[in-house]
Amino acid sequence: MKKSLTQISLIVPAHNEQESLSPLIREAQQCYEKFGIDGEIVIVDDGSTDQTSSVAEQLCERNIAIKFVRLKERSGKTHALKAGFHLASGDVAVFVDADRQYDLEDMRLLYAPILSNKYDLVNGYRVKRQDSTVRRIQSRAYNRLNRWVFHVKTRDSNSGFKAMRREVFLAIEPFLKKDFHRYMVSIAGYVGYRILEVPISHYPRSAGKSKYSSPARLTTGLMDMLRVRWRLQRFRNSVKTY
């Protein structure tokens with residue numbers, strides 16, 4: 001009997017994304033229908049101060065396949081991803097930012113290699129990144145440092161569009177402290193999970209503002225990388241791949 005695709009959960013962390021959320025979810029539902037997926041969507045409102053929660057609640061009322069959790073205060077993307085993951089029921093989790101800079105039709109490129117049992121985590125590589133020059137320069141520097149520290153050959157380790165088996169997230173979750181979502185791919189690769197990186201589309205923001213534009217993030221990122229690597233080196237034997 002052919003296995004159902006209902007095990008896929010799309011997890012959407014959102015902070016002040018009232019204008020982007022509805023069209024994003026509509027696009028996700030269209031992709032599910034187009035690809036024959038009876039999946040679910042999990043929205044996490046990370047302490048928004050606009051109408052993001054109201055929009056999410058309305059979406060839930062219209063479709064039982066949409067779940068929603070609201071964090072009372074902003075806790076950061078890492079905590080939001082954790083909250084969404086633990087509300088999700090799927091064997092494969094697909095994470096996507098709510099800013100609509102990603103083409104959800106690329107979702108199939110992420111989950112298909114996992115469902116075929118060839119890979120454990122698939123990361124979306126933004127071929128033509130549509131961000132400011134400063135952010136692109138920061139990203140290139142960050143990715144070079146990331147490859148050097150973790151010895152994982154990824155070109156876009158902090159992409160906001162990726163998929164992984166449930167087992168992978170559970171294995172790396174103990175290492176995911178505040179803002180450490182940036183190292184999910186690196187941690188998984190470092191401990192031995194099978195990683196694939198695929199090219200995906202990337203678009204300029206259509207609404208809202210970026211939450212990650214501080215120049216100080218590069219310095220902070222390097223210090224965080226070293227902390228994560230130190231913890232991995234110390235506890236590597238406690239993380240088991242299958």
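The values are calculated or read from the model by the stated rules, or taken from the named source; none is laboratory data. What you see is a predicted model, and the numbers here were worked out from it, not measured in a lab. Glycine gets a Cβ as well: all are built from the backbone with ideal geometry, and neighbour counts include every protein chain shown. With ligands, DNA and RNA removed, areas are computed over all heavy atoms of the protein, side chains included. Shrake-Rupley method; radii C 1.70, N 1.55, O 1.52, S 1.80 Å.
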Review point. Can you tell me which residue in segment 142-157 is nearest to ARG229 (Cα to Cα), limited to those that are assigned to a loop (DSSP other than H, G, I, E, B) and open to solvent by less than 50 Å² (accessible area, probe 1.4 Å)?
Key: VAL152
**Study point:** Residues of segment 6-17 satisfying the condition of being modelled with pLDDT under 95 and either open to solvent by 50 Å² or more (accessible area, probe 1.4 Å) or within 15 Å of the chain's Cα centre (by Cα) (or both)
**Key:** THR6, ILE8
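Any idea which of ALA163, ALA112, ALA171 is under 25 Å from ALA98 (Cβ atoms), open to solvent by 10 Å² or more (accessible area, probe 1.4 Å), under 17 Å from the mean Cα position of the chain (by Cα) and among the hydrophobic types (A, V, I, L, M, F, W, C)?
Values: ALA163 fails: open to solvent by 10 Å² or more (accessible area, probe 1.4 Å); ALA171 fails: under 25 Å from ALA98 (Cβ atoms).
Selected residue: ALA112, the only one of ALA163, ALA112, ALA171 that is under 25 Å from ALA98 (Cβ atoms), open to solvent by 10 Å² or more (accessible area, probe 1.4 Å), under 17 Å from the mean Cα position of the chain (by Cα) and among the hydrophobic types (A, V, I, L, M, F, W, C).
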Check your understanding: Restricting attention to segment 174-200, and to residues there that are not in a helix (DSSP H, G or I) and not hydrophobic (A, V, I, L, M, F, W, C), which single residue is most open to solvent (accessible area, probe 1.4 Å)?
Key -> LYS178
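When you scan segment 30-80, how many residues do you find that are in a helix (DSSP H, G or I), open to solvent by less than 50 Å² (accessible area, probe 1.4 Å) and in contact (Cβ under 8 Å) with a residue 60 or more places away in the chain? Reasoning before the result, please.
Quick first cut of segment 30-80, residues in a helix (DSSP H, G or I) only: 30-35, 52-62, 77-80.
Retained after the next criterion (residues that are open to solvent by less than 50 Å² (accessible area, probe 1.4 Å)): 31-32, 35, 52-56, 59-60, 77-78, 80.
Next, from what is left, pick out any that are in contact (Cβ under 8 Å) with a residue 60 or more places away in the chain: 31, 35, 77-78, 80.
Of the residues in that region, 5 qualify.
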Practice item. For segment 98-114, name all the residues that are within 17 Å of LYS128 (Cα to Cα) and in a loop (DSSP other than H, G, I, E, B). Key: ASP99, ARG100, GLN101, ASP103
